[in-house]
Amino acid sequence: MDSLSALRWALARDLSLALRRRADALQVLGFFVLACALFPLAIGPQREWLQRIGPGALWVAALLAVLLALPRLFETDHADGTLESMLASGQPLPALLAGKMLAAWLVTGAPLVLISPVLALSFDLPGELMPLLMLSLLLGTPILLCIGAIASALTLGLKGGSTLVTLLCLPLYVPVLVFGAGALESSMAGLSAQAHLALLGAGMLVAAVVSPFIAALALRISVE
Amino acid sequence: MNLFRYAAPQSFYPLAGRLLPWFAGLAAVLTAVGLYIGFAVAPTDFQQGEVYRIIFIHVPSAWMAMFVYLVMAGYAVLTLVWRSRMSALMTRALAPTGALMAAIALYTGAIWGKPTWGAWWVWDARLTSTLILLFLYLGYMALVSAIEDPVRGDRAGALLLLVGVINVPIIYFSVRWWNTLHQGASVSLTTAPKMAQTMLAGMLIMSLAAWMYTIAAALHRVRTLILDRERHTRWVRQLHALEGRSSSRRTS
């Protein structure tokens, strides 16, 4: 099996698994919506305040939602032995992991991107900002997932692994948050968001290419 | 003499023991001299008054915090590529000192910031990236302590360090950019007036002291780590028996 068909196999397998366990993806989405709803409750319903914190709040909530989705990436496969079979199969592991990560993004990241305009309306953000919001999340959430995949591969099977993943990921998430929320901030300030988006896009490409290899190395360290 | 001999814990242990007093002694002497210059000889700053003197501790610890992370990443490469045992132990030994240096830099920065900027904490680019650096150290320490298998812990920690060190410049520049976007010109160290000769001398001596302290602390810690890791080997048992005998002789 070449790399591309290995990727396709892992993608199809994880997507069909996700289709049979729809609650998992819905939980992440539900968390995103609820987390966004907490901000107005905490700071008050004044429209200008909500507009001010809206972009940042949406991005923080999306970041935490991705973090919430990470434990499912490898844990179930590790528990039922699928992961060991993948490692022993002699198939290109980075390709298999890339398929798994793509599937995970389609199941958890893509819904966040799609629902974000609705939540942006609840912060009374201007309609012109919606495409930019979706684009920044479209470029940013894959990076979060890629970094998270490495961290969850490193902490595989450890006690308190999900807390540890949070501690490992959050410092590394800082640039994504800065550029993602910064794109919206600068657009609302009347500046161009192009530079932020270009950096996010570059980060996404690098992460997508490099992280499957690092995650594969991390998995081998953890399982062997 | 073959330097690679010291890549084996068994031969590094006595070497570390011999070097340790020298580095610890140098650290003590240099700290005393540096603090004397810093607090007694260096002139009062005409803008900031006496409060500036915190830089004699603040700047060396901030430098050390960044440098130790780089050194750890260097050891991480050795661990991952050559699977050398000593480098992994050195990485583990350095981490607490690096975290300590970052914490000291943040703490002294806050003390300096209150009278100078009027706030214990400002979201300045340097402060924020030092805070993130502290969390990178804590993350590394949490990961290696959570993994019971020593080899897995060594290698997982090394990989995390490498991912971290690639990200450190990105984090630094993103935070700097974020800061310039949000607030205009804030007070920064780069605009500080030119330093007097004695101030510079005091700071350099304190930096050297921080180096010596870091090496001494790492050597001390790595000796414990070696004994712990190699406790089932014959040489550690012999050492233990030897030291047990000498200590019992002393007490009798």
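The values are calculated or read from the model by the stated rules, or taken from the named source; none is laboratory data. Note that the coordinates shown come from a computational prediction; the quantities given were computed from them, not determined experimentally. For neighbour counting, all protein chains shown are included, and Cβ atoms are generated from backbone atoms with ideal geometry for every residue, glycine included.
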**OP:** State which residue is farthest from the chain's Cα centre (by Cα) when the search covers only the stretch A:130-154 and only residues that are without any contact (Cβ under 8 Å) to a residue 60 or more places away in the chain and farther than 19 Å from residue A:47 by Cβ.
**Re:** A:131
Original post:
So which residues in the stretch A:154-172 are more than 9 Å from every other protein chain (Cβ to nearest Cβ) and assigned to a helix (DSSP H, G or I), if there are any at all?
Top reply: A:162, A:165, A:166
Original post:
Would it be correct to say that residue B:94 is among the aliphatic types (A, V, I, L, M) and facing chain A (nearest Cβ under 10 Å)?
Top reply: no
Subject >> Candidates B:51, B:81 - the one that is touching a residue at least 60 places away in the same chain (Cβ under 8 Å) and surrounded by fewer than 16 Cβ atoms within 10 Å (Cβ to Cβ) >> reply: B:51
Original post:
Which condition number in (1) crowded, with 20+ Cβ neighbours inside 10 Å; (2) over 18 Å from the mean Cα position of the chain (by Cα); (3) away from chain A (no Cβ under 14 Å); (4) among the hydrophobic types (A, V, I, L, M, F, W, C) is the one that residue B:120 fails?
Top reply: (1)
Original post:
How many residues does the stretch B:130-180 contain that are of a type in the set (Phe, Trp, Tyr), more than 7 Å from every other protein chain (Cβ to nearest Cβ) and within 19 Å of residue A:160 (Cβ to Cβ)?
Top reply: 2
Original post:
When you scan the stretch A:13-129 for helices (runs of 4 or more DSSP H) that lie fully inside it, which ones turn up with 1 or more residues that are free of Cβ contacts under 8 Å to residues at least 12 places away in the same chain and basic (Lys, Arg)?
Top reply: A:22-43, A:47-69
Subject >> Which listed residue is of a type in the set (Gly, Ala, Ser) and surrounded by fewer than 20 Cβ atoms within 10 Å (Cβ to Cβ), from A:211, A:162, A:116 >> reply: A:162
Original post:
Under 9 Å by Cβ, and 6 or more places apart or on different chains, what pairs join a residue from the stretch B:107-132 that is under 18 Å from residue B:56 (Cβ atoms) and touching a residue at least 12 places away in the same chain (Cβ under 8 Å) with one that is hydroxyl-bearing (Ser, Thr, Tyr) and assigned to a helix (DSSP H, G or I)?
Top reply: B:108/B:61; B:109/B:130; B:112/B:52; B:116/B:52; B:126/B:172
Original post:
If residue B:218 satisfies every condition in (1) surrounded by fewer than 19 Cβ atoms within 10 Å (Cβ to Cβ); (2) over 20 Å from residue B:130 (Cα atoms); (3) modelled with pLDDT of 85 or more but one, which is the exception?
Top reply: (1)
Subject >> Qualifying positions in the stretch B:143-179 - without any contact (Cβ under 8 Å) to a residue 40 or more places away in the chain and either closer than 16 Å to residue B:67 by Cα or surrounded by fewer than 17 Cβ atoms within 10 Å (Cβ to Cβ) (or both) >> reply: B:145, B:148, B:149, B:151, B:166, B:167, B:169, B:173
Original post:
What are the residues in the stretch B:15-40 that are under 16 Å from residue B:224 (Cα atoms) and touching a helix residue (DSSP H, G or I) at 6+ places or on another chain (Cβ under 9 Å), if any?
Top reply: B:15, B:16, B:17, B:19, B:20, B:21
**OP:** Could you tell me which of the residues A:202, A:193 is surrounded by fewer than 22 Cβ atoms within 10 Å (Cβ to Cβ), of a type outside the set (Phe, Trp, Tyr), more than 7 Å from every other protein chain (Cβ to nearest Cβ) and free of Cβ contacts under 8 Å to residues at least 40 places away in the same chain?
**Re:** A:202
